[in-house]
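Undergrad: I am attaching a structure below and will ask some questions about it afterwards.
The values are calculated or read from the model by the stated rules, or taken from the named source; none is laboratory data. What you see is a predicted model; the values in this text were computed from it and never measured. Positions of Cβ are generated from backbone atoms using ideal geometry, with glycine treated the same way; all protein chains shown enter the neighbour counts. Note: accessible area is taken over every heavy atom of the protein model, side chains too, but ligands, DNA and RNA are not part of it. Shrake-Rupley method; radii C 1.70, N 1.55, O 1.52, S 1.80 Å.
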Amino acid sequence: MKAIRRFAVRPALPERLAALETLVGNLRWVWHEPTRELFSEIAPGAWEHAQRDPTALFASVSQERLDELAADDGFVHRANALRDDLERYLTEPRWYQSLEGETPDSIAYFSPEYGITAALPQYSGGLGILAGDHLKSASDLGVPLVAVGLFYRSGYFSQSLSADGWQQERYPIVDPDGLPLSVLRHLDGTPVDVVLAMPDGRSLNSRVWTARVGRVTLLLLDTDVPENDADLCQVTDRLYGGGEEHRLRQELLLGIGGVRAIKQWCDLTGAAFPAVFHTNEGHAGFLGLERISDLVGAGLGFGEALEVVRGGAVFTTHTPVPAGIDRFDPALIRRYFSTDLLPGVEADEVLTLGQEEGGDGSLGAFNMAIMGFRLAQRANGVSRLHGEVSRRMFRSLWPGFDETDIPIGSITNGVHPATWTSPHLAEVAEHAWGTRDTTAVDWRDGAVSDETLWETKRRLRAELVHAARRRVEATWISQNPGGVVPEWVGQVLDPDVLTIGFARRVPTYKRLTLMLHDEERLRALLLDPERPIQIVVAGKSHPADDEGKRLIQQLVEFTSDPAVRSRIVFLPDYDMGMAKTLFPGTDVWLNNPLRPLEACGTSGMKAALNGSLNLSILDGWWNEFYDGANGWAIPTAAANVSPEERDRIEASSLYELLEHHIAPRFYDRDGGVPRQWLTSVRHSLATLSPALSADRMLREYVGALYRPASVAAARLSESGYRRARELAAWKQRVVSSWPRVGITHVESGGLDVTPQVGEMLRLRAYVDLGDLTPEDVRVELVYGSGSAEGELTEVSTLSLAPLAGSGPGRGAGSGGTVYGGELRLERSGNFGYTVRVVPHHPDVASDVEMGLVAVAQ
Ligand SMILES: *Cc1c(COP(=O)(O)O)cnc(C)c1O
């Protein structure tokens, strides 16, 4: 008979083990190795079985064992000491507390997914894991973040393979009661209820789970509550499932419900209301509208409220793939916002914020990225190259400006070292330098011998081989129930063979099957009698993406050939748990996306932190970090070749590198050790680890975005939002006056016919400011190298000043206001310049943001 319902009854913790409750209750155990070691002592076998998840461990450990531990003074003492250490970690001043000057007391971070631990599967890939790492580093650095997401009943799917290699999806239910989550409650014990008005007059209710991620509180909204009708209970059923309206409801809940949850959480805990709101990718963008609604309620106009919200908002865009950007039918948006959902905010105002240009005057789709930019004064991409690509991609939002002017910066992603570095490597560091922080030591200084380093890498490889064999076995059993596991399954992979890893989601642009381009050549590499390679592959395809599933099937088919199956394996159900064994166990991490579609990529970073060398297309982070000695770059084919030709050329470079550079170096031994290889490993560990750390990323977010945003928001809000009101009125005035602004003519002087380096260019520009005054604008000389077509490159600008006595600046025919300036010609070669006028206001982060410009003709 089958049970209709199952739950785990947890044993009662003896009083003397109360510290364990505290330790499990804060997710810091995910990255605190001493705490994990303590958990493992509770029941070593069960710990492995529970996949090193203490909540699962506690559900299985016996009352007798707990009583035994309670009587063990040594254990109790260690548990108490770790609890004290956690208390200290949560309260002591850290990096952020040492910063001089004003810092925001609270920063809100919104993301549709969070990858914090395999035990809380609320992520699908890189975006979620990045969000998890962001919270962990924020915690370590003392950055006062409060994070918001959704609690998905089944998170992302788990993957298995049918006998013919077709991806099968299962959606295991995540039981929040079994996790270190608690319901946010009012003082009288009733759960906090976040309510959103729906178009049909119903309301969408949700409760709020709180998780502690070190010092950071994570609020997760969950609609599976009795107050909701059955269809509304399903709003948070799963991550990235369902149709357009389902997705919209999720995003409304995340953004609008998220801010409402924060308000309640602040009221209940006395925490400061956030000064800065960070939208991690467009999905949470509606949060800005909820804040506008509040400010309109406090007496501001829509435009004034928009200025306050923009000042304190940060928007991070994560994808250069147009299909990766969230878009909605404007009619659907209109329906959801023509309700009581957001008092004081009209549907038309919402639509204007996210409207794509539909061409010929028609309405385009409602685009969450466009709204993201319009609702945030500060925006960034996630690697230098992605910043460039984003400036090109979104250029039309700021017409009339050059790509380099577009106000989108970049902060390159990072990964959380304590989560992603193998404990074995941390032990090596501890032994050699007395610290487990592998990012803070110089791996080249000789403190660790080649022999020790090589022995450690072999151990990591052997652990991967062991784990891979277990997965292959489990897959075989699931496909052949009742059969006897054949011998080859136990012989998959070899702990002494050069090991290449490739694991990630399987959208087409990541080219899972590029390695199969020339199967014969790959086979020869795998089966080389002296210098073989072996490849471990993993990845999930989006459930609706049959193209991706076909790629997986094609790869699985190749791996099932008896001739190669011990040298190449596909491991089903890639997740954080698998990733933690996979990255350290590889020697080379392969990444071959179609450049420039990989915004950053983080798996190669995790590999690098574990002494694995990267072999990648020069895309995302690798484009800025490859230095010729820390791995290999696969050259990108010229832009004008066909897609087929491009694959052929890039695959061929990949084989070439493996055959002639990578394998020979790996197998070049001296006393059994590949000295030259290890030189690269040491160089990569020493130089990349600190740069790839999420700590570096967080410091940049604080310095370049969070602090300036909080300063801007405070300025705009002081004295009853005086500056916000002035700014909104100023913008209106500038927009209506702008058609009359123009440059009448430009005079230059002081130069010979063919000027020499060092000569001065003197300029006068006659500017008609219409109704505006010199305070409202900036007049700039824009100069650089002038190409034959007249395009300026390597552009710089120089502000020109209004000349005394000129003016009046008003009225036609006066010749306008005269601006002047001079520039020393510093370089020989082609030189070109022009003059432009842009609006300028001290409360606007960039002169470009209004998209208004007048250029000399
Ligand atoms: C790091 C990681 C990713 C992201 O990898 P990319 O190379 O950025 O695509 C996806 N899934 C898991 C489980 C990861 O650990």
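Undergrad: With Rg and the Kirkwood Rh both taken from Cα atoms, where does Rg over Rh land for the range 439-689?
TA: Here Rg/Rh amounts to 0.95.
Undergrad: Pulled fully out, how much extra length does the chain show between A18 and S396, if you take 0.36 nm times their separation in residues and subtract their Cα-Cα distance?
TA: Full extension of this stretch gives 130.2 nm more.
Undergrad: Quick check: Cα centre of the range 530-576 to Cα centre of the range 29-57, how many Å?
TA: A separation of 30 Å, based on Cα centres.
Undergrad: Same structure again: Viscosity 1.002 mPa s, temperature 20 °C: give me the Stokes-Einstein translational D for the chain in µm²/s, with Rh taken as the Kirkwood radius over C-alpha pairs. Write down the numbers at each step before the final one.
TA: Numbers: Rh = 29.7 Å.
Translational D for this selection: 72 µm²/s.
Undergrad: Now, a different point. So how much accessible area does M850 have, in Å² to the nearest 10, using a 1.4 Å probe?
TA: Its accessible surface works out to 40 Å², give or take rounding.
Undergrad: DSSP beta bridges in the chain, what fraction antiparallel, as a percent rounded to 5?
TA: Counting DSSP beta bridges with both partners in the chain, the antiparallel share is about 55 percent.
Undergrad: Name all residues of the range 424-449 having a backbone nitrogen under 18 Å from the label point set 7 Å from the Cα of A629 along its Cα→Cβ direction, giving them as ranges.
TA: Backbone N within reach: 441-448.
Undergrad: At what distance in nm do the modelled label points of W476 and R762 sit from each other, each positioned 7 Å from its Cα along Cα→Cβ?
TA: 8.7 nm
Undergrad: Work out how much length E455 to L363 would gain on full extension: take 0.36 nm times their residue separation and subtract the Cα-Cα distance, in nm to one decimal.
TA: 26.8 nm
Undergrad: Related question: Relative to the present Cα-Cα distance, how much length would full extension add between D561 and D518 at 0.36 nm per residue of separation?
TA: My answer for the length gained is 13.9 nm.
Undergrad: For the range 93-169, what is the charge dipole size about the Cα centre, in debye to the nearest 20, if Lys and Arg each add +1 at the Cβ and Asp and Glu each add -1 at the Cβ? Intermediate values should be presented prior to the final figure.
TA: Values: 3 positive and 8 negative charges, 37 e Å.
About 180 debye.
Undergrad: If you filter the range 1-100 for chymotrypsin sites (Phe, Trp or Tyr not before Pro), then keep DSSP loop positions with at most 10 other Cβ within 10 Å, what is left?
TA: In loop regions of the range 1-100 (DSSP not H, G, I, E or B), the sparsely surrounded chymotrypsin sites (Phe, Trp or Tyr not before Pro) are F7.
Undergrad: Given a cut-off of 25 Å, name the pairs among K540/K606; K136/K549; K457/K510; K457/K549; K263/K606; K136/K510 whose C-alpha atoms lie farther apart than that in the structure shown. Walk me through the numbers before you get to the answer.
TA: Working: K540/K606 19 Å; K136/K549 33 Å; K457/K510 27 Å; K457/K549 33 Å; K263/K606 36 Å; K136/K510 27 Å.
Among K540/K606; K136/K549; K457/K510; K457/K549; K263/K606; K136/K510, the Cα-Cα distance tops 25 Å for K136/K549; K457/K510; K457/K549; K263/K606; K136/K510.
Undergrad: Sticking with this structure for a sec: Rounded to the nearest 0.05, what FRET efficiency do T352 and R36 give with R0 = 56 Å and r taken as the Cβ-Cβ distance? Could you check?
TA: Numbers: r = 51 Å, r/R0 = 0.91.
With R0 = 56 Å, the Cβ-Cβ based efficiency is 0.65.
Undergrad: Tell me the label-point distance for the pair D72, D752, using the 7 Å Cα-to-Cβ offset, in nm and rounded to one decimal.
TA: In this crude label model, D72 to D752 measures out at 8.8 nm.
Undergrad: Loop-only GluC sites (Glu not before Pro) in the range 508-541, please: DSSP not H, G, I, E or B, and at most 13 other Cβ atoms within 10 Å. It would help to have the intermediate numbers written out before the result.
TA: Values: sites: E519, E520, E530; in loops: E530.
Within the range 508-541, the qualifying GluC sites (Glu not before Pro) (loop, at most 13 other Cβ atoms within 10 Å) are E530.
Undergrad: Within 10 Å, count the other beta carbons around each residue, average over each peptide in 788-799, 111-122, 543-554, and list them highest first.
TA: 111-122, 543-554, 788-799
Undergrad: How large is the dipole of the chain about the Cα centre if only Lys and Arg carry +1 and Asp and Glu carry -1, each at its Cβ, rounded to the nearest 20 debye?
TA: Working: 84 positive and 115 negative charges, 73 e Å.
With only Lys, Arg, Asp and Glu charged at Cβ, the dipole is about 360 debye.
Undergrad: Given H placed 1.01 Å from N in the peptide plane, which residues other than close sequence neighbours of L150 have an amide H under 5 Å from its amide H?
TA: L221
Undergrad: Let me spell out the model: positive unit charges on the Cβ of Lys and Arg, negative unit charges on the Cβ of Asp and Glu, origin at the Cα centre of the range 490-545. What dipole size does that give, in debye rounded to 20?
TA: Using only the charged Cβ atoms, the result is roughly 420 debye.
Undergrad: In terms of modelled amide H atoms, which long-range or inter-chain residues lie less than 5 Å from the amide H of V835?
TA: V782, A856
Undergrad: Can you give me the % of accessible surface on the range 223-319 that is carbon or sulfur? Probe 1.4 Å, all protein chains present, nothing else counted.
TA: 49 percent
Undergrad: Related question: Just the number please: accessible area per residue for the chain, 1.4 Å probe, all protein chains included, in Å².
TA: On a per-residue basis, 41 Å².
Undergrad: Something else: If you filter the range 816-857 for trypsin sites (Lys or Arg not before Pro), then keep DSSP loop positions with at most 11 other Cβ within 10 Å, what is left?
TA: Counting only loop positions with at most 11 other Cβ atoms within 10 Å, the trypsin sites (Lys or Arg not before Pro) in the range 816-857 are R827.
Undergrad: Right, another one. For the range 555-630, which whole-number percentage of the solvent-accessible area (1.4 Å probe, protein heavy atoms only) is attributable to carbon and sulfur atoms?
TA: Details: 880 of 1770 Å².
On the range 555-630, the fraction of accessible area on carbon and sulfur atoms equals 49 percent.
Undergrad: What FRET efficiency comes out for the pair A691/N80, r = Cβ-Cβ distance, R0 = 25 Å, nearest 0.05?
TA: With R0 = 25 Å, the Cβ-Cβ based efficiency is 0.10.
Undergrad: Can you tell me which of 557-563, 660-666, 773-779 comes out highest on packing, and rank the rest after it, using the mean Cβ neighbours within 10 Å? Mind showing how you got there, number by number?
TA: On the way: 557-563: 13.4, 660-666: 16.7, 773-779: 18.3.
So the peptides 557-563, 660-666, 773-779, ranked by packing, come out 773-779, 660-666, 557-563.
Undergrad: Next question. Using only the heavy atoms of the protein chains and a 1.4 Å probe, how would H278, H186, H283 rank by accessible area, largest first?
TA: Solvent-accessible surface, decreasing: H186, H283, H278.
Undergrad: Using just the helices of the chain, give the 222 nm mean residue ellipticity in deg cm²/dmol: DSSP H runs with n ≥ 4 each add -39,500 (n - 2.57), and the total is spread over all residues, rounded to 500.
TA: -11000 deg cm²/dmol
Undergrad: Also, I was wondering about something else. Applying 1/(1 + (r/R0)^6) with R0 = 41 Å to the Cβ-Cβ distance of S203 and A272, what FRET efficiency is obtained, to the nearest 0.05? Don't jump to the answer; show the numbers that get you there.
TA: Details: r = 29 Å, r/R0 = 0.71.
It comes to 0.90.
Undergrad: In addition: Could you give me the ³J(HN,Hα) list for the range 173-182, computed from phi with Karplus coefficients 6.51, -1.76, 1.60 and θ = phi - 60°, whole Hz, x at Gly and Pro?
TA: These are the phi-based 3J(HN,Hα) values: 6, 8, 8, x, 5, x, 10, x, 10, 9 Hz.
Undergrad: Positive end of the dipole of the range 741-855, charges at C-beta (+1 Lys, Arg; -1 Asp, Glu), about the Cα centre: which of T754, Y833, A788 has its Cα farthest in that direction?
TA: Positive-end residue among those listed: T754.
Undergrad: Considering only protein heavy atoms, what is the solvent-accessible area of F302 at a probe of 1.4 Å, reported in Å² to the nearest 10?
TA: Looks like 40 Å² after rounding.
Undergrad: Compare Y156, Y336 by solvent-accessible area with a 1.4 Å probe and give them largest first, with all protein chains kept in place.
TA: So the residues, ranked largest to smallest area, are Y156, Y336.
Undergrad: Still on this structure: Could you sort M576, M393 by their accessible area in this structure, using a 1.4 Å probe and putting the largest first?
TA: Working: M576 5, M393 65 Å².
Final ranking, largest accessible area leading: M393, M576.
Undergrad: Would you tell me the accessible area of W730, worked out with a 1.4 angstrom probe on the heavy atoms of the protein chains, in Å² to the nearest 10?
TA: Rounded to the nearest 10, that gives 20 Å².
Undergrad: For the range 522-534, what does the Karplus curve 6.51 cos²θ - 1.76 cosθ + 1.60, with θ = phi - 60°, yield as ³J(HN,Hα) per residue in whole Hz, taken in order and with x for Gly and Pro?
TA: 5, 4, 4, 5, 5, 9, 3, x, 9, 10, x, 10, 9
Undergrad: For the range 15-91, which whole percent of the accessible surface, found with a 1.4 angstrom probe, sits on carbon and sulfur atoms? Mind dumping the intermediate values first?
TA: Values: 1790 of 3660 Å².
Percent of accessible area from carbon and sulfur atoms in the range 15-91: 49.
Undergrad: For a label point 7 angstrom out from the Cα of V485 toward its Cβ, which stretches of the range 451-465 have the backbone nitrogen within less than 17 Å?
TA: Those under the cut-off are 463-465.
Undergrad: By DSSP, what percent of the beta bridges with both residues in the range 439-689 are antiparallel, rounded to the nearest 5? If you can, show how the numbers build up before the last one.
TA: Values: 1 of 21 bridges.
Around 5 percent of the beta bridges assigned by DSSP in the range 439-689 are antiparallel ones.
Undergrad: Please list the non-local residues whose amide H lies under 5 Å from the amide H of V192, H modeled 1.01 Å from N, same-chain partners needing a gap of 5 or more.
TA: The list, which skips near neighbours in sequence, is L184, R185, H186, V208.
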